[in-house]
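Enquirer: Just dropping this structure here.
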Amino acid sequence: MKNYSFEIDYRFKLLYTIGMISVIASHCRGLGSLEFNLQGWFHYRSFHMPLFMFAAGYFFKDSNINNTKIYIIKKIKKFLIPIYIYNILYGLYIEIKKKLFNFKNDEFYLNTIFLKPLKGNGFLYINPAWFSIYLLYVEIYNILKRKFFSLLKININEFIYFIIDFIISYFTVIYSNKGYNKKILYNVILGFMHLNIYYQLGIFYRKILENLAKKINNDIYFFFIFLSKLFIHIYYKKEPTFYYGGADFYNYPPFIVIFVSFLGIAFWLRISEILEPSLGKSYYINLIADNTYSIMINHLLALDIIKFLYYLVKKYTMYCQDFNSKRYFNMDVFYIYIPYNVKQIGILYFLNCLFFPILLEKIKNKILNIFQKNKKNI
């Protein structure tokens, strides 16, 4: 088995940042009036979650197969335990809001606290964390699959792994389109097993495709991507989009779902490679890339803070009187209020969704450092 030494790959710092911006822009209706989807050529929901899966797969190490138990425990500590902690904190936050503002929402039950996170959701603000749960399942599936063949002393070519997972992903779309994604257990299985192909693509790309891709010049590379997208747009009269978290592919054929997602990954990967020399070591690029977990989990709270400020302006001034208090207090987390319909003001949501979670992460790290220092002094 090959082992790889991993230095900082600034292409992927850019890629993580692009993926995170796409997620936030999707929830904020763009970056103010500036859309981040190239006029509909690459809609956020046609690639953003597969992009993260691809990046995670790219950095998978074969050496982990020799320490499968440690690897799985490490992943559970990294993904599952923090989600439980955040879920309880957001549950308490919602309880406080319910007492203060008298509205109904998720009850503080054991099911919502402990079981729902395993399905990729929980209390309302934690819902974007579904991706972390699915990534955990994908990484456990991947390591167990490879460990199984390793124990049998069967050396499987990476191309075979890719084909097997492609077929599985293909059938997840078929069964999702038949309505199986409406059942909770099937929904989770179909969701993470579909996303698995993009994780596998990351491994396959690093081991097999990367050297070949580097030989393709940018002109031919982008010509193929845009020509493919153009034919798809002409045929469907729009850009196909998907809800990866709900395994909802809106009845698009399996090959189109996977191919469109591949094209989005391929496009932004090459863009990252082009921009890496000038932007790869940018402070803000790396700041966002190094805090994607906190941003993913906490950006709905950041949205809520901006809306709460608008609510206060409406209540105590003559401004923002068209702010929809009912939608706000009914916990419509994706309600975006734009004063005077000036779309550019939406940039406030976007910036807060990026940088407020980073601030939370820094505060959390400072508190943990203080506890650790005090513990050493005892």
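Enquirer: Regarding Ile184, is this residue more than 27 Å from Leu38 (Cα to Cα), modelled with pLDDT under 95, in the same structural domain as Ile143 (by TED's automatic domain parsing) and loosely packed, with under 13 Cβ neighbours inside 10 Å?
Expert: yes
Enquirer: Another one. Provide a single number: the residues in segment 34-52 that are of a type in the set (Phe, Trp, Tyr) and in a loop (DSSP other than H, G, I, E, B).
Expert: 4
Enquirer: Okay, moving on. Quick check: is even one residue across segment 250-267 outside any helix (DSSP H, G or I), of a type outside the set (Gly, Ala, Ser) and farther than 29 Å from Tyr16 by Cβ?
Expert: Restricting attention to segment 250-267, the residues satisfying the condition of being outside any helix (DSSP H, G or I) are 250-253.
Narrowing the set further to residues that are of a type outside the set (Gly, Ala, Ser) leaves 250-253.
Among the residues that remain, those that are also farther than 29 Å from Tyr16 by Cβ are: 251, 253.
Yes, some residue in segment 250-267 is outside any helix (DSSP H, G or I), of a type outside the set (Gly, Ala, Ser) and farther than 29 Å from Tyr16 by Cβ.
Enquirer: Now for a separate question. Checking the condition out of contact with any Cys (no Cβ under 6 Å at 6 or more places or on another chain) and either over 26 Å from Lys61 (Cα atoms) or exposed (fewer than 11 other Cβ atoms within 10 Å of the Cβ) (or both), which residue from Gly191, Gly179, Gly202 passes?
Expert: It is Gly179.
Enquirer: Looking at this structure, is Thr172 at pLDDT 95 or above, in a helix (DSSP H, G or I), under 17 Å from Gln200 (Cα atoms) and not acidic (Asp, Glu)?
Expert: Numbers: at pLDDT 95 or above: yes; in a helix (DSSP H, G or I): yes; under 17 Å from Gln200 (Cα atoms): yes; not acidic (Asp, Glu): yes.
Answer is yes for this residue.
Enquirer: Read through the list (1) touching a helix residue (DSSP H, G or I) at 6+ places or on another chain (Cβ under 7 Å); (2) free of Cβ contacts under 8 Å to residues at least 24 places away in the same chain; (3) not small (Gly, Ala, Ser), then give the number of the only condition that Lys326 fails.
Expert: Every listed condition holds for Lys326 apart from (1).
Enquirer: Residue by residue through segment 148-180, note down the ones that are of a type in the set (Phe, Trp, Tyr) and more than 15 Å from Phe249 (Cα to Cα).
Expert: Correct list: Phe148, Phe149, Phe159, Tyr161, Phe162, Phe166.
Enquirer: Follow-up question, since we're still on this one. Could you list all residues from segment 113-139 that are among the β-branched types (Val, Ile, Thr) and closer than 13 Å to Val188 by Cβ?
Expert: Ile133, Val138
Enquirer: Let me ask another. For segment 316-338, which positions are surrounded by fewer than 16 Cβ atoms within 10 Å (Cβ to Cβ) and in a helix (DSSP H, G or I)?
Expert: Tyr316, Ser325, Lys326, Arg327 - these are the residues of segment 316-338 that are surrounded by fewer than 16 Cβ atoms within 10 Å (Cβ to Cβ) and in a helix (DSSP H, G or I).
Enquirer: Looking at segment 266-288 only, could you name the residues that are among the small types (Gly, Ala, Ser) and buried (at least 16 other Cβ atoms within 10 Å of the Cβ)?
Expert: The answer is Ala266, Ser272, Gly280, Ser282.
Enquirer: Can we say Leu368 is outside any loop (DSSP other than H, G, I, E, B) and either in contact (Cβ under 8 Å) with a residue 24 or more places away in the chain or within 20 Å of Ala302 (Cβ to Cβ) (or both)?
Expert: no
Enquirer: Between Lys97, Lys69, which is farther than 24 Å from Phe350 by Cβ, among the charged types (D, E, K, R) and assigned to a helix (DSSP H, G or I)?
Expert: Within the list Lys97, Lys69, the selection yields Lys69.
Enquirer: Which condition number does Ile347 fail, the rest of (1) touching a strand residue (DSSP E or B) at 6+ places or on another chain (Cβ under 7 Å); (2) at pLDDT 95 or above; (3) not hydroxyl-bearing (Ser, Thr, Tyr) being met?
Expert: (2)
Enquirer: Being of a type outside the set (A, V, I, L, M, F, W, C) and either touching a Ser or Thr at 6+ places or on another chain (Cβ under 7 Å) or surrounded by fewer than 15 Cβ atoms within 10 Å (Cβ to Cβ) (or both) is the filter here, so list the residues in segment 347-364 that pass it.
Expert: Pro357, Glu361, Lys362, Lys364
Enquirer: State yes or no: is Ile140 without any contact (Cβ under 8 Å) to a residue 24 or more places away in the chain, assigned to a helix (DSSP H, G or I) and surrounded by 12 or more Cβ atoms within 10 Å (Cβ to Cβ)?
Expert: Values: without any contact (Cβ under 8 Å) to a residue 24 or more places away in the chain: no; assigned to a helix (DSSP H, G or I): yes; surrounded by 12 or more Cβ atoms within 10 Å (Cβ to Cβ): yes.
Taking the combined requirement at face value, the residue does not satisfy it.
The values are calculated or read from the model by the stated rules, or taken from the named source; none is laboratory data. Being a predicted model, the structure only gives us computed values, none of them experimental. As a convention, Cβ positions derive from the backbone with ideal geometry for all residues, glycine included, and neighbour counts pool all protein chains shown.
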